[in-house]
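Peer 1: The structure follows.
The values are calculated or read from the model by the stated rules, or taken from the named source; none is laboratory data. Source: prediction; values computed, not measured. Heads up, the Cβs are rebuilt from the backbone with ideal geometry, glycines too, and the neighbour counts pull from every protein chain shown. Surface areas here come from the heavy atoms of the whole protein model, side chains and all, with no ligands, DNA or RNA. Shrake-Rupley method; radii C 1.70, N 1.55, O 1.52, S 1.80 Å.
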Amino acid sequence: MRLKVRRAAVALSITLFIPSAYLSTAPVVLSQQAKPPSEPGQTPSTPPKQEAETHVTADQAKELFRSVDELIKFASEETGLPVQHEVKRTLTTRVAVEKYLNEKFAEDEDAKRMQRGEIVLKKFGLLDHDFNLKPFMLSLLKEQIAGYYDSKTKTVYMLDWIDPETQKPVLVHELTHALQDQHTDLEKWNNQTPADPSHNVNEDNDHLAKDELDTAREAALEGQAMAVFLDYRLKPNGMSIIKNPEIMERLQDQMSGADDSPVLARAPLLLSESLLFPYKDGLSFEQDVWMDKGRKAAFAGVLDRPPASSWEVMNPRVYERNEQPPLLVMPDIHPLLNSRYKAYDIGQVGQLDLRILAQIFGGEGAAREFTPAWDGGIYWAGQRLSAKTDAEKNSTNSIALLYLSGWKNAASAHGFALMYAEQLGRKYSGVKLDVADQVPASALGSEVIYNTNEGPVVITERGKLVFVSESFDLETARKLADLLIDGQGTGETRTAGVTMPDTGLSNSWVKFMHSCGMMKAALLH
C-alpha cells in the first residue's frame, strides 16, 4: 500500500543485538539500559548520571579505516559478489548525521510521499489521528542510526561516537550494500515507484502493478546484509545461518530492538513493523533461498531477479517457483468521482500491510488467521474538491476511501469484514448501524452500512471479496462496489504482469527508513 512506510524510514539499515549466549563477542549495546521502576512504597532511586559521550581517537579511527578492506573482503567471500573497486569511507559526527537526516526529510521523494500518505494511514486506522509523523520519525532515526552507506556518494559512513569494535559488525552490513551497489546500480534499481498520484484508469493500474516493488527490494537488500552481519558475528563460534539454521528461530525473537530504545518503544505498530520487516522477514527470505538454491541464487540471483511483493518475501517458495503475486484490478472510477474528488493516493494493500492491519485491529491471533488467507488488496483515496483551507485538507474528513480485499475463501472474507466493522470506533465517533437504508442480503452478497461523524461506511461482501467504502455518499458507495467487484471478473485473481510493482500502504516507510542506514533495532540483543 502507499500506506507503506515508503522508505520514509530513511532506509535505516537496522542493526540487531545478538544474544551473547550464541556469539563469541559480547552483546552490542549502543545506549544505556534504563533501570526498572522502583517497587510500590519504595523511594525511587536516583537515576544514574549519564556518562559523557566519548569519541573515536585518532588511532582508533586509523584502525577503523584499515578494517574496511578486511571487512569488505569477508562480505565478498560470504556473498560471492566481487569487489570491483575500493569503497570510499569517512568518519562522521552526530551533528553531521542529524543534518543528513534533516536534509533527507526535506529532499527525499519517499519522505515526501510518506508525509503525504500520513492522512490516508490515519483514515485506515493505522495511525492515531493525533500522531505527528515528522518529528517522531526524526527522533526515531536519530536514536536508531548505527552507520550507513550512501549509494549516491558511494561512501560508507562510520560514527565517531561509537567504539570501533562495536562498529565492525555494522560495517560488514553496510559494506554488503556497497557490494550490492557495485553489482547493480542501487540508485536506479531501488526507485521504481511513480512519484505522483494517478489520474486515469491506465495510470491507476500501472501504479498498482508497481506498488510493492520497492518494499520487496528493500527486504532483499537488507536480508542479504543481515545474513552477512550474522555470519560475521557467528563465525568465531564456527557457526553460520546455513550450517546452524535452527539458530534463526531463537534470533528472530530478539529482533525487536526496543529494550533500550525509548523512541522505538513508543512507535506505532505500523512504524515498528515497517522498520523491522526488511531485516526480519528479509533475513528469513534470504536464508530459505540460500538453503534451497545455493549462495549464487541467494545473492547475485536475487539482485538479478528480485522479489516483486511482500507476499514473495513472506513466502520464499513462491518466489523460487517464480509465481506472480495476486493483483486486483482497478476499473475506471474517474467518471464517477472526478467532479467531486481529486485523486490523492492509490496502492496495494499487500500481505505485509494486511498483517499489520489485522494485528492492530484484532491482535496477534487475527494476524495469524488472516495473513495466510490474503489474496490481494487495493485502495484508492480521493480528497474532496470542497476542501480549501490547510486545516480542511489536513483533516481525515477531507478524504474518501475505497478498499477492495481478496481472500482465499469466503469464510476468511466474512471474518475480515466482521473484524473491520468492529474496529470502526477506533477511527470515527458516533458510529451507528444503519438498518433503514441497508439492502437485504441475497445470493449476490451482503451489505452493512454504518453512519459516522465523517459520513457513511459501507461494507459489502460478495464471495471471496470484501469492499469497503468510507465517506462516500451511499449512492456513490454502491456504484463503486459494483464497479470494483464486477471489475475482477469471475476467474482467478489477475496476477502482476510486470516485474516492478509500485508502493503500498507501508512501502514509503520501509524505503525511507532503510535508505538512511543501519538501525540499532537490527542489532540482536
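Condition check ((1) surrounded by fewer than 20 Cβ atoms within 10 Å (Cβ to Cβ); (2) modelled with pLDDT of 85 or more; (3) aliphatic (A, V, I, L, M)) across all residues:
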position	(1), (2), (3)
176	no, yes, no
211	no, no, no
233	no, yes, no
245	yes, yes, no
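Peer 1: Determine whether residue 122 is free of Cβ contacts under 8 Å to residues at least 24 places away in the same chain, under 18 Å from the mean Cα position of the chain (by Cα) and over 30 Å from residue 233 (Cβ atoms).
Peer 2: No: the conditions fail for residue 122.
Peer 1: Follow-up. What tally of residues in the stretch 419-440 results from selecting those that are more than 30 Å from residue 339 (Cα to Cα) and in a loop (DSSP other than H, G, I, E, B)?
Peer 2: 2
Peer 1: Among the residues of the stretch 145-153, is there at least one that is part of a helix (DSSP H, G or I) and open to solvent by 10 Å² or more (accessible area, probe 1.4 Å)?
Peer 2: Among the residues of the stretch 145-153, not one is part of a helix (DSSP H, G or I) and open to solvent by 10 Å² or more (accessible area, probe 1.4 Å), which makes the answer no.
Peer 1: Another question about this same structure. I'm checking my understanding of the structure. Among residues of the stretch 453-484 that are open to solvent by 10 Å² or more (accessible area, probe 1.4 Å) and part of a helix (DSSP H, G or I), which one is nearest to residue 430 (Cα to Cα)?
Peer 2: Filtering first and then ranking leaves 474.
Peer 1: Would you check which residues across the stretch 305-315 are farther than 17 Å from residue 225 by Cβ and either in contact with a strand residue (DSSP E or B) (Cβ under 9 Å, 6 or more places away or on another chain) or at pLDDT 95 or above (or both) and list them?
Peer 2: Across the stretch 305-315, the qualifying residues are 305, 309, 310, 311, 312, 314, 315.
Peer 1: In the list 262, 194, 268, which residue meets the criterion of being open to solvent by 10 Å² or more (accessible area, probe 1.4 Å), over 27 Å from residue 300 (Cα atoms) and at pLDDT below 90?
Peer 2: On the way: 194 fails: over 27 Å from residue 300 (Cα atoms); 268 fails: at pLDDT below 90.
Selected residue: 262, the only one of 262, 194, 268 that is open to solvent by 10 Å² or more (accessible area, probe 1.4 Å), over 27 Å from residue 300 (Cα atoms) and at pLDDT below 90.
Peer 1: I want to confirm something. Restricting to the stretch 307-323 and keeping residues that are over 15 Å from residue 217 (Cα atoms) and of a type outside the set (Asp, Glu), which single residue is farthest from the chain's Cα centre (by Cα)?
Peer 2: 321
Peer 1: Could you check how many residues of the stretch 385-418 are in a strand (DSSP E or B) and either surrounded by fewer than 18 Cβ atoms within 10 Å (Cβ to Cβ) or among the polar types (S, T, N, Q) (or both)?
Peer 2: Number satisfying all stated conditions: 1.
Peer 1: So, one more: What single numbered condition from (1) touching a residue at least 60 places away in the same chain (Cβ under 8 Å); (2) surrounded by fewer than 18 Cβ atoms within 10 Å (Cβ to Cβ); (3) among the acidic types (Asp, Glu) fails to hold for residue 187?
Peer 2: For residue 187, the exception is condition (1).
Peer 1: What's the total number of residues in the stretch 58-77 that are closer than 23 Å to residue 223 by Cα and open to solvent by 30 Å² or more (accessible area, probe 1.4 Å)?
Peer 2: Number of matching residues: 4.
Peer 1: Test each condition in (1) among the small types (Gly, Ala, Ser); (2) in a strand (DSSP E or B); (3) on the phi < 0 side of the Ramachandran plot for residue 376 and report the one that comes out false.
Peer 2: Condition not satisfied by residue 376: (3).
Peer 1: Further question on the same structure: I'd like the full set of residues that are touching a helix residue (DSSP H, G or I) at 6+ places or on another chain (Cβ under 7 Å), among the aliphatic types (A, V, I, L, M) and over 11 Å from residue 159 (Cβ atoms), limited to the stretch 87-101.
Peer 2: 87, 101
Peer 1: In the stretch 154-168, how many are in a loop (DSSP other than H, G, I, E, B) and open to solvent by less than 50 Å² (accessible area, probe 1.4 Å)? Write out each step before concluding.
Peer 2: Taking the stretch 154-168 and keeping what is in a loop (DSSP other than H, G, I, E, B), we get 154, 160-163.
Imposing the further condition that a residue be open to solvent by less than 50 Å² (accessible area, probe 1.4 Å) reduces the set to 160-162.
Number satisfying all stated conditions: 3.
Peer 1: Also, quick follow-up: Residues that are under 30 Å from residue 424 (Cβ atoms) and modelled with pLDDT of 90 or more: does the stretch 140-160 have at least one?
Peer 2: Of the stretch 140-160, the ones under 30 Å from residue 424 (Cβ atoms) are 140.
Keeping just the survivors that are modelled with pLDDT of 90 or more gives none.
No - not one qualifying residue is present in the stretch 140-160.
Peer 1: Out of the residues in the stretch 78-110 that are assigned to a loop (DSSP other than H, G, I, E, B) and either more than 20 Å from residue 61 (Cβ to Cβ) or polar (S, T, N, Q) (or both), state the one that is most open to solvent (accessible area, probe 1.4 Å). Walk me through how you get there before you give the answer.
Peer 2: Step one: list which residues in the stretch 78-110 are assigned to a loop (DSSP other than H, G, I, E, B), which gives 80-87, 93, 108.
Now narrow it down to the ones that are either more than 20 Å from residue 61 (Cβ to Cβ) or polar (S, T, N, Q) (or both): 80-85, 93, 108.
On the way: 80: 42, 81: 2, 82: 72, 83: 68, 84: 114, 85: 96, 93: 60, 108: 29 Å².
This residue is 84.
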